[in-house]
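Note sheet for the following structure.
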Amino acid sequence: MLRRVCKKDDIHDNSMKAFRLENNDILIGRRNQKLFACSNSCPHRGASLSKGEFNDDNIVCYMHGYEYNITTGRLVTMKSWKKEEGWAEQSQEWRSSADLNMYPVVERDGYIYVEV
Ligand code: FES
């Protein structure tokens, strides 16, 4: 079902904002004029992606630096952590991550709608 979330001007270009919708934490963003919507929860360990930043067409999670493509939702970069940087790889299982959960999003009559 399409849900109206905010005014289109609430999401400026190259920015993103988190919303609570139907018990889902949803991140809506605009990157180089292109609108996207996805789960705000990082598929790796659940960090809030709204605290992340863009890298080209990817969103970079602030927690461990994993990158997800904002068009496809695919995990595209898994940063490798070294002990010297204060982190150690814990296990292959800990390292693994699913792709990002994307939502259909449209702009209509000055508002942004997401299908949940
Ligand atoms: S929680 Fe997002 S990269 Fe680990």
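The values are calculated or read from the model by the stated rules, or taken from the named source; none is laboratory data. Quick caveat: nothing in here was measured; it's all calculated off a predicted structure. Neighbour counts are summed over all protein chains in view; Cβ atoms, including those assigned to glycine, are modelled from backbone coordinates with ideal geometry. Heads up: the accessible areas ignore ligands, DNA and RNA and are worked out on the full protein's heavy atoms, side chains in. Shrake-Rupley method; radii C 1.70, N 1.55, O 1.52, S 1.80 Å.
Structure data summary
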{"item": "Three semi-axes of the equivalent ellipsoid, segment 2-115, Cα gyration tensor, whole Å, largest first", "result": "28, 14, 11"}
{"item": "Candidates I26, I70, I11: whichever shows maximal mean-square fluctuation once the chain is modelled as a Gaussian network with Cα springs under 10 Å", "result": "I11"}
{"item": "Table column - 3J(HN,Hα) (Hz), segment 59-71, Karplus curve with 6.51, -1.76, 1.60, x for Gly and Pro", "result": "9, 9, 5, 6, 6, 10, x, 5, 10, 10, 6, 7, 8"}
{"item": "Two-site label geometry, C6 and D57: point separation in nm, points 7 Å out along Cα→Cβ", "result": "2.3"}
{"item": "Among V105, V60, V76, residue whose mean-square fluctuation peaks in a GNM of the chain (springs only between Cα atoms under 10 Å)", "result": "V76"}
{"item": "GNM result for the chain, Cα springs below 10 Å: residue of N24, N58, N40 fluctuating most strongly", "result": "N24"}
{"item": "Fraction of accessible area attributable to carbon and sulfur, segment 2-115 (%, probe 1.4 Å)", "result": "41"}
{"item": "Accessible-area ranking of Y111, Y103, largest first, probe 1.4 Å", "result": "Y111, Y103"}
{"item": "Probe 1.4 Å - accessible area at L2, Å² to nearest ten", "result": "70"}
{"item": "Long-range HN-HN contacts of R31 with modeled amide H, under 5 Å", "result": "N14, F36"}
{"item": "Solvent accessible area, Å² - H64, 1.4 Å probe, full protein context", "result": "10"}
{"item": "Stretchable slack from V116 to D25, in nm (0.36 nm times residue separation minus alpha-carbon distance)", "result": "31.7 nm"}
{"item": "Over the chain: helical MRE at 222 nm, DSSP H runs n ≥ 4 each giving -39500 (n - 2.57), nearest 500", "result": "-500 deg cm²/dmol"}
{"item": "Solvent-accessible heavy-atom area per residue, rounded to whole Å², over segment 2-115 at 1.4 Å", "result": "59"}
{"item": "Rounded accessible area of R108 (nearest 10 Å², 1.4 Å probe)", "result": "120"}
